[in-house]
Amino acid sequence: MLSKVYACGLLGIDGYMVSVETDISKGIPAFDIVGLGDVAVKEAKERVRAAIRNSGFEFPSRRITINLAPADLKKEGTSYDLPIAAGILAATGVISCSAISNCVLTGELSLDGTLRPVYGVLPKTITAKEKGFEIIFTPYENAKEASVVKGIKVIPVTNLSELVKHLNGEISLHCIEREQDFLSDEDCKNQPDFADVKGQEHVKRALEVAAAGGHNLIMIGSPGSGKTMLARRMPSILPDLSFDEALEITKIYSVAGLVPPDSSLVTKRPFRAPHHTVSAISLIGGGRIPKPGEVSLAHLGVLFLDELPEFGKNALEVLRQPLEDGFVHISRINASITYPCNTTLIAAANPCRCGFYLDDTRECTCSQQEVKTYLGRLSGPLIDRIDIQVDVPTLKYSELHSETASEPSSAIRKRVNKARNIQRKRFSQAGIYCNAQMTSPMVRKYCRLGKEESELLREAFAALGLTARSHNKILKVARTIADLDGAENINAVHISEAIQYRILDRNLY
């Protein structure tokens with residue numbers, strides 16, 4: 001007696017089809033699962049055995065062999081419980097093999113046959129649809145997440161007995177439909193708003209430029225100056241989230257098991273703020289069982305690193321390459337996994353250990369050498385990947401109690417969206433989507449300067465002690481400022497503003 005049932009495995013954030021082949025033959029009773037399964041897959045034998053019996057079916061007292069093909073890829077997790085149980089029931093004739101020939105099954109079984117939710121249902125559903133399957137059976141809690149994929153029927157199942165009755169035509173389970181269309185504007189209403197921020201107009205402007213061009217940014221200022229408050233409002237001015245982007249973010253969160261309860265999609269741009277004690281693996285991903293790290297969980301959103309010099313050196317150094325490439329590549333013996341991480345890095349730092357260097361209101365207790373050593377923890381290659389560096393001064397009492405209304409995030413986001421639309425058209429054939437991703441040839445092509453602008457940049461290099469690595473950064477930021485103004489060419493005003501965002505190159509610290 002032989003049967004074949006289809007399941008889906010995960011490789012990074014992408015799924016791949018798995019054939020669950022079941023052979024039941026005469027011989028000494030045994031139950032073996034082959035196909036490079038991990039401990040959770042091996043333990044499925046006991047869960048499946050108890051679930052079948054407690055659901056009112058007879059478990060065959062014969063030699064049972066389960067093969068998870070392809071056998072050279074590592075199988076992880078508990079989502080193979082349901083397809084293994086269905087394969088055994090099909091091989092014994094309880095279920096018709098034809099009834100499950102065009103179906104994909106996923107779910108963890110309890111000992112009483114109840115289905116528990118599993119991770120990664122969204123990428124599995126996408127893969128099943130791409131491979132031409134018509135139906136996917138999922139645990140009830142995962143059905144909303146899977147329902148965002150069009151072109152495949154998603155049928156939620158409560159327990160094993162219910163599945164068997166449906167496949168045998170005794171009852172009819174209904175597929176779940178997506179309840180509403182994707183609306184990104186609705187999810188921006190409850191976010192922290194820039195209208196709540198008093199003063200710091202030049203920092204708000206720097207954050208607007210960073211959002212418009214996808215630039216990484218660092219804020220340097222005394223404790224209490226508002227760096228964290230400003231950073232937490234960054235997602236509210238990022239470009240509107242498209243459905244495809246929401247789907248891509250949700251795939252990552254689905255694999256990590258972080259999709260919000262009763263939600264089908266992650267409809268807000270992520271904001272991740274790991275503590276400075278975070279390990280390198282937690283930051284970029286990996287581990288014995290590879291999982292996405294904080295930089296991938298911030299994909300298409302914001303990765304906020306508060307107190308940047310306090311992070312471990314190893315954690316910061318491994319962050320360099322993902323920020324440059326836009327993805328994390330993790331190599332293991334059995335497979336290589338890639339997680340996307342196109343994120344905007346927003347960092348905050350005190351100028352010294354006590355935090356009051358260059359503060360007008362409080363005296364710094366650090367020596368010049370201590371100030372230099374503190375920010376010296378940040379390596380040159382890491383600073384190279386931060387386009388905008390801005391000083392955040394301490395607010396005065398008059399600014400805190402000003403009656404002048406601050407500009408809301410919605411108004412800023414309109415300008416950001418307009419600038420991003422310009423960049424999408426500009427780079428439509430280049431495979432990038434924002435100015436921060438421009439290569440050197442692209443900088444030469446799209447950031448041409450006139451005579452006046454070239455002379456201004458040359459004088460700035462000589463007068464302010466700017467370094468060679470600042471050149472392309474200034475041009476990229478100036479191109480974004482020009483896009484915000486709707487200007488076709490970069491002019492002297494755009495260059496001047498971009499130069500102001502290189503405080504670490506001006507030897508102020």
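The values are calculated or read from the model by the stated rules, or taken from the named source; none is laboratory data. Quantities reported herein were computed from a predicted structural model and do not represent experimental measurements. Methodologically, a virtual Cβ is constructed for each residue, glycine included, from the backbone with ideal geometry; neighbour enumeration extends over all protein chains shown. The area values use the complete protein model at the heavy-atom level, side chains included, leaving out ligands, DNA and RNA. Shrake-Rupley method; radii C 1.70, N 1.55, O 1.52, S 1.80 Å.
Taking a ≥ b ≥ c as the square roots of the eigenvalues of the Cα gyration tensor of region 107-217, is the shape rounded (a/c under 1.5), prolate (a/b larger than b/c) or oblate?
Numbers: a/c = 3.33, a/b = 2.86, b/c = 1.16.
Since a/c reaches 1.5 and a/b is larger than b/c, the shape of region 107-217 is classed as prolate.
Under the rule of at least 5 residues apart or a separate chain, name every residue whose amide H is placed under 5 Å from the amide H of Gly77.
Answer set, sorted by chain and number: Asp38, Ala40, Val41.
Looking at region 2-167, what % of its DSSP beta bridges pair antiparallel, to the nearest 5?
55 percent
Roughly what angle does helix 81-91 make with the longest principal axis of the chain, taking Cα atoms, 0 to 90 degrees, to the nearest 10?
Roughly 30 degrees between the two axes.
I need to check one value: relative contact order of the chain, counting alpha carbon pairs closer than 8 Å and at least 6 residues apart, in percent.
Once normalised by length, the contact order is 13 percent.
Helix-only estimate, please: 222 nm mean residue ellipticity of the chain, summing -39500 (n - 2.57) across DSSP H runs of length 4 or more and dividing by its residues, to the nearest 500.
-10500 deg cm²/dmol
Just to confirm the filter: which GluC sites (Glu not before Pro) across region 47-119 are DSSP coil and have at most 16 other Cβ within 10 angstrom of their Cβ?
When the GluC sites (Glu not before Pro) of region 47-119 are filtered for loop state and at most 16 Cβ neighbours within 10 Å, Glu58 remain.
Label region 402-473 by shape, choosing from rounded, prolate and oblate, from the square roots a ≥ b ≥ c of the eigenvalues of the Cα gyration tensor; if a/c is under 1.5 it is rounded, and otherwise prolate applies when a/b is larger than b/c, oblate when it is not.
Numbers: a/c = 2.58, a/b = 1.22, b/c = 2.11.
In terms of gyration-tensor shape, oblate.
When only the heavy atoms of the protein chains count and the probe is 1.4 Å, how do Glu162, Glu324, Glu455 rank by accessible area, highest first?
Glu324, Glu455, Glu162
What is the sum of charges around Glu370, taking Lys and Arg as +1, Asp and Glu as -1, for the other residues whose C-beta is under 13 Å from the C-beta of Glu370?
Around Glu370, the surrounding residues sum to +3.
Cα centroid distance between region 271-296 and region 398-414, in Å?
34 Å
Mind pulling the angle between the C-alpha long axis of helix 470-485 and the longest principal axis of the chain? Nearest 10 degrees, somewhere in 0 to 90.
80 degrees
Only loop residues by DSSP count here, and only those with at most 14 other Cβ atoms within 10 Å; note down the trypsin sites (Lys or Arg not before Pro) in region 304-361 that meet that.
Counting only loop positions with at most 14 other Cβ atoms within 10 Å, the trypsin sites (Lys or Arg not before Pro) in region 304-361 are Arg332.
Would you mind telling me the antiparallel percentage of the DSSP bridges in the chain, rounded to 5?
45 percent
If you wrap a convex hull around the alpha carbons of the chain, what volume per residue comes out, as a whole number of Å³?
Roughly 165 Å³ of hull volume per residue.
Tell me, what is the percent relative contact order of region 421-509, built from C-alpha pairs under 8 Å that lie six or more residues apart?
32 percent.
Calculate how large, on average over all directions, the projected area of the Cα convex hull of region 2-167 is; give the answer in nm² to one decimal.
Its Cα hull, projected and averaged over all orientations, spans 8.4 nm².
Give the peptides 22-30, 256-264, 478-486 in descending order of average Cβ contacts within 10 Å, highest first. Working shown, then result.
Working: 22-30: 12.6, 256-264: 14.7, 478-486: 22.8.
Going from most to least packed, we get 478-486, 256-264, 22-30.
Can you tell me the relative contact order of region 1-91? Whole percent, Cα pairs under 8 Å, sequence separation 6 or more.
Relative contact order for region 1-91 comes out at 41 percent.
Which of the peptides 463-474, 147-158 is most tightly packed, and how do the rest follow, judged by the mean count of other Cβ atoms within 10 Å per residue?
The densest-packed peptide leads the list: 147-158, 463-474.
At a 10 angstrom cut-off on C-beta neighbours, averaged per residue, how do the peptides 447-454, 44-51, 429-436, 77-84 rank from highest to lowest?
77-84, 44-51, 429-436, 447-454
Need one number: % antiparallel among DSSP beta bridges in region 289-361, to the nearest 5.
Antiparallel bridges make up about 55 percent of those DSSP assigns within region 289-361.
How far, in degrees from 0 to 90, does helix 451-464 lean away from the longest principal axis of the Cα atoms of the chain, to the nearest 10?
80 degrees
Per Stokes-Einstein, at 25 °C and 0.890 mPa s, what whole-number D in µm² s⁻¹ belongs to region 438-509, with the Kirkwood radius over Cα pairs as the hydrodynamic radius? Present the calculation step by step, with values, prior to reporting the outcome.
On the way: Rh = 12.2 Å.
D = 201 µm²/s.
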